[in-house]
Amino acid sequence: MKKAHDKALPQRRRGAEKSRAEKTEDAAKGVLCVSSAPLRLCGEEFSTRLIRWHKRHGRHDLPWQNTTDPYRVWLSEIMLQQTQVTTVTPYYLRFLERFPQLADLAAAPVEDVMALWSGLGYYARARNLHAAAHTVMAQHGGKFPRDPSVIAQLPGIGRSTANSIATFCFGAHAPILDGNVKRVLCRAFGIEGFPGSGAVEKRLWSLAEELMPKRHGAIYNQAQMDLGAMACARTKPRCEACPLDDICVARSTGRTAELPQARPHREVPLRHATLLVLLHGDRVLLETRPPAGIWGGLQSLPELPEGADAQEWAKRNFACRVIAVSPAPTFVHTFSHFKLHIAPLRVLVEPSLHAMETGQHWFSLDALAAAALPAPVRRILQQAASTEGIGHHERQDRNRGE
Ligand code: SF4
């Protein structure tokens, strides 16, 4: 009897009566709950809406668009990971000016690549970019591979980036799943769980494959990225301007602030480091960091071992005469897995020139713009330069995972 009554309900009513759990379950089956009726969503309809929206509202003139050159598309994809378009643009243009072709990048010393990347953060990206350029030259005769599964084997390139390059440059039929796309899918389909977890990511990949249209794959992939960046923003999504507003589970259930679910909370440990700013006139002593680990391959300040006396340690390790030691302002820098409390110590010295170790050199505070420095070290040196009255104009520390 109840069933017959339910059947007689208007579609709008039946849709509205579904609980949040039912709606989420429907979404998992590929059924979207809409205000008027449950709609079995056809991949083509989803992509058609996005493609139409992109035509009028998407981004069409970014410096890495309107090209099918895989080197340029690859470079932009890597730079855009965890980084905003406005930040990436000047770096992208400078990089291409210095390394116009993949072969130029492969032939350059890694230090030059790191210097151009300085300030952009997540430096493993730059090291991998350089290594991948070498691989393309050595194993693919300088020609960028076309097959997404082969592209994904290059250093620093994951499945989504490989698919993106193959779609934009070689017309492949390959879905993407970057942060923006994950956010749109989690909200539109009401997908629970942290999207970075293996199980949720697997589910998102299979949904992305299902939704991938047979034609216009490049426009569709660009549309998803643009929708995530321009309408379905992390905070305050502009649902009224979204082509999915009438079928989006997060919108219809009032859960845009809850989806996608945040990374489960974990305590971030706090570590401490004392960095020595060894100054001689307008020059500072820098060391090249080992290739692996934080700030790998970048120029940095010597770190004072815990419990060591700065004066004694500097004298012993750099064979210099210490004139004065004074503390500089401390600060906390946040990495993805820990926080670092940094205490810089300014040490005025009279150096002994024959005492330099490999990888150490005196660097003019006037020439910092050209140095491959992590942002916190740049910040310390800017302060040192202004205290010393050395005039130069440096960029601000943008604290991007450096
Ligand atoms: S309707 Fe809102 S929450 Fe849903 S996909 Fe569009 S912008 Fe995102």
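Assorted remarks:
- With a Förster radius of 35 Å applied to the C-beta separation of THR67 and SER197, the computed FRET efficiency comes to 0.50.
- For PHE168, neighbours were defined as the other residues whose beta-carbon sits under 14 Å from its Cβ, and their charges (Lys and Arg +1, Asp and Glu -1) total -1.
- Environment charge of HIS140, counting only residues whose C-beta is closer than 14 Å and scoring Lys/Arg +1, Asp/Glu -1: +1
- Cα gyration tensor, region 84-123 - rounded (a/c under 1.5), prolate or oblate: oblate
- Volume in Å³ per residue [convex hull over Cα atoms, computed for region 43-252]: 117 Å³
- For region 270-387: rounded, prolate or oblate by the Cα gyration tensor [a/c cutoff 1.5]: rounded
- Of the peptides 174-185, 123-134, 198-209, the order by per-residue mean of other Cβ atoms within 10 Å, starting with the highest, comes out as 174-185, 123-134, 198-209.
- Pairs from LYS182/LYS214; LYS202/LYS339; LYS55/LYS182; LYS315/LYS339 whose Cα-Cα separation, in the structure shown, is over 24 Å: LYS202/LYS339; LYS315/LYS339
- Coordinate range along principal axes, alpha carbons of region 96-194, Å, largest first: 47, 31, 21
- Packing-based order for 61-69, 93-101, using average beta carbon neighbours within 10 Å, highest first: 93-101, 61-69
Values quoted throughout were computed directly from the atomic coordinates according to the rules given, and no laboratory measurement underlies them. Here the structure is a predicted model, which is why all the values come from computation and not from measurement. In this analysis, Cβ positions are derived from the backbone assuming ideal geometry, glycine residues included, and neighbour counts consider all displayed protein chains.
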